[in-house]
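Comments concern the structure below.
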Amino acid sequence: MDWSLIWKAAIALAGFGALLGAILAIASRRFHVDVDARVEEVLEALPGSNCGACGLPGCEPAAEAVVKGEAPITICRAGGPDVADRVAKIMGVEVGSTVPLKAHIHCRGGASVSPIRAVYQGVNSCRAAEIAVGGGKACPFGCLCLEDCAKVCPVSAITFDEDCIRRVNVKKCTGCGLCSDVCPRDLIEMVPADATVFVRCKSQYTGKKALSVCKVACIGCKKCEKTCPEDAIHVENGFAVIDYDRCTDCGDCAMVCPTDSIQLWAARVGHPEGGEFILPEGKKKGKGPDYAVDTDELEMAVAEVSAEEAVE
Amino acid sequence: MNEAWRFFLLFFGAAIVANILLIRFIALCPFFGVSGSLETSLGMSISVIFVMVMATSVSWVAWNYVLEPLGVGEFLYIPAFILIIASLVQFVEMVIKKTSPPLYRAMGIYLPLITTNCAVLAAATESVKPGFFTKLNIPYSYGFVESVVYTLGVAVGFSLVLIIFAAIRERLDMAPVPKFFRGVPIAFITAALFSLAFMGFAGMFGL
């Protein structure tokens, strides 16, 4: 056996290694690029799943954009307020007015209260149904129940039951707003996570017409508008809209709503979804099946709306 | 045979007739990995051309002036070339990061991928041991210019096929492909047909 070969091989490889190592060492000094140390820190704080919900290719570009000031510190939708807090700390700024958001679906019309006008058998997507024929639901403003929002939700926070009642699990909801973007009927609003008063309908029909397509529709009676002490709720385009900047969560509007379209959110720690919708305490229970509408009061309100419309 | 024609044949043979992806089936992982979209395949192609030519030039020098004179080339070429290619890619990455940020942004993500790309090693090996992968014992070794032209051919062939394949896959995504074949399976079938088509070049110009 020729031992000199082994020596030669060792020398050759060691020589290459030493030479290349030296070149790299010199190059890393010579061609050193100062990277903002904050980029790495921000990158650490981000979830690192490169989900792309922020619109950038991944977490590293997002971190760079944040450090350069091209993106807000709240850029990470998936990370939510926790990540925003940590990023804010690194960047030395206050998170400020970025209240955490959660999704609220402005429709509570299930199959039992909202009749269908046709059986939709097309592509299984709300957006497709909306483009094609407007789906099978009689109410042209309500939830189509084809679950586009549930499919797009990255944390499975939106669920539908057999009656097509949709719920948002506020424990899971990160406030990313993807569901709000996909809803073809614009029913999902991102509301402040601490809001407690909700309008659960977006029907532009008023009075009898609204009730004809859904038993639990907002009829646009403006009782809430008249009751609100803070001028925080207004009827626009036939349905009530709450201005959460002004709302003080007093619940007076929910108290007077004849169709129970305005309800209160009761956060419950032990509840699997983080809470549930309730009626204000002391509100008269009505005769309706699964909703508490006082039928006499409702008839009066409908009559009022019809009278007002006739005057106009 | 005149010199220019010889170089053309060397280039053409490396790029088309003995295409590294479709005829020799080397570097199939980037072939399927980065052919998902035209944009990434373009970035990868440019990086591969750049790195392959540089890697071969350096390893040719290492082979002809160090490994071969010492008589250790026959068994040491793989570790030596891997060492050289990996360091070279690192070095190139540092240099372009400093000198040309736009180029770094375009090629940056692909450079580390290429470090261990077998096509680069194959080109470097073939340029010092012609006919190695075709199991031909050719008693001939390329000169420096020849090996660069040869490697350029290999890299251009790689890029050409990668880009064409990415374009095909982009169309396949929208084509009415049966459910079971969607995604990678249809890509494999397409690659096979593509490979068959490239076999048609065999024997062109007597190559």
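Things worth noting here:
- Between helix B:184-199 and chain B: long-axis angle, C-alpha atoms, 0 to 90°, nearest 10: 60
- Separation of the alpha carbons by more than 18 angstrom is noted, of A:LYS102/A:LYS172; A:LYS202/A:LYS223; A:LYS171/A:LYS283; A:LYS223/A:LYS283; A:LYS137/A:LYS202, for A:LYS171/A:LYS283.
- When the alpha-carbon atoms of segment A:99-191 are used, the pair Rg, Dmax equals 12.7, 41 angstrom.
- Relative to the longest principal axis of the Cα atoms of chain B, helix B:38-62 runs at roughly 10 degrees.
- For A:ILE158, nonlocal amide neighbours, meaning residues 5 or more places apart or on other chains whose placed amide H falls under 5 Å from its own, are A:ASN169.
- Using the Cβ-Cβ distance between A:ASP194 and B:ILE78 with R0 set to 60 Å, the FRET efficiency from 1/(1 + (r/R0)^6) comes to roughly 0.40.
- Listed residues A:ALA45, A:ALA22, A:ALA210, most fluctuating in chain A (Gaussian network, C-alpha, under 10 Å): A:ALA22
- Per-residue [θ]222 nm for chain B (sum of -39500 (n - 2.57) over DSSP H runs n ≥ 4, rounded to 500): -22000 deg cm²/dmol
- Converting the Cα gyration tensor eigenvalues of chain B into ellipsoid dimensions via √(5λ) gives semi-axes, longest first, of 29, 22, 15 Å.
- Kyte-Doolittle mean at least -1.0 and Cα axial length at least 27 Å: DSSP H helices in chain A: A:3-30
- Degrees separating the helix B:144-174 axis from the principal Cα axis of chain B, which is the longest one: 10
- Positive end of the dipole of segment A:37-91 (Cβ unit charges, origin at the Cα centre): among A:CYS59, A:THR74, A:GLY48, the Cα lying farthest that way belongs to A:THR74.
- Taking the charge dipole of segment A:99-191 about its Cα centre, with +1 at Lys and Arg Cβ atoms and -1 at Asp and Glu Cβ atoms, the residue from A:ALA103, A:VAL170, A:ALA128 reaching farthest to the positive side is A:VAL170.
- From helices alone, chain A scores -10500 deg cm²/dmol at 222 nm; the rule is -39500 (n - 2.57) for each run of n ≥ 4 DSSP H residues, then divide by the residue total.
- Computed over segment A:1-149, Kirkwood Rh from alpha-carbon pairs, angstrom: 21.2
- Where N is the number of residues in segment A:1-63, Cα Rg divided by 2.2 N^0.38 Å: 2.03
- Across chain B, the longest piece that holds none of the chymotrypsin sites (Phe, Trp or Tyr not before Pro) lying in DSSP loops with up to 13 other C-beta atoms within 10 Å covers B:26-139.
- Placing one equal scatterer on every Cα of the protein assembly as shown and applying the Debye formula, the log10 ratio I(q)/I(0) at q = 0.09, 0.13 Å⁻¹ is -0.82, -1.21.
- Magnitude of the charge dipole, the protein assembly as shown, Cβ model with Lys/Arg +1 and Asp/Glu -1, debye to 20: 1500
- Of A:LYS151, A:LYS137, A:LYS89, the one that fluctuates the most in a GNM where chain A has Cα springs shorter than 10 Å: A:LYS89
- For segment A:140-220, the list of GluC sites (Glu not before Pro) that fall in a loop by DSSP and count at most 10 other C-beta atoms within 10 angstrom reads A:GLU162.
- Of the residues A:ILE242, A:PRO154, A:LEU19, the one whose Cα sits farthest toward the positive end of the charge dipole of chain A, with +1 on the Cβ of Lys and Arg and -1 on the Cβ of Asp and Glu, is A:LEU19.
- Here the Kirkwood formula puts the hydrodynamic radius of segment A:195-312 at 14.5 Å, using every distinct Cα pair.
- For B:ILE168, B:ILE78, order by how many other beta-carbon atoms lie within 10 Å, fewest first: B:ILE78, B:ILE168
Each value in this text was obtained by applying a stated rule to the coordinates, not by laboratory testing. As the structure is a prediction and not an experimental result, all values here were calculated from the model. Glycine also receives a Cβ, built like all others from the backbone with ideal geometry; neighbour counts cover every protein chain displayed.
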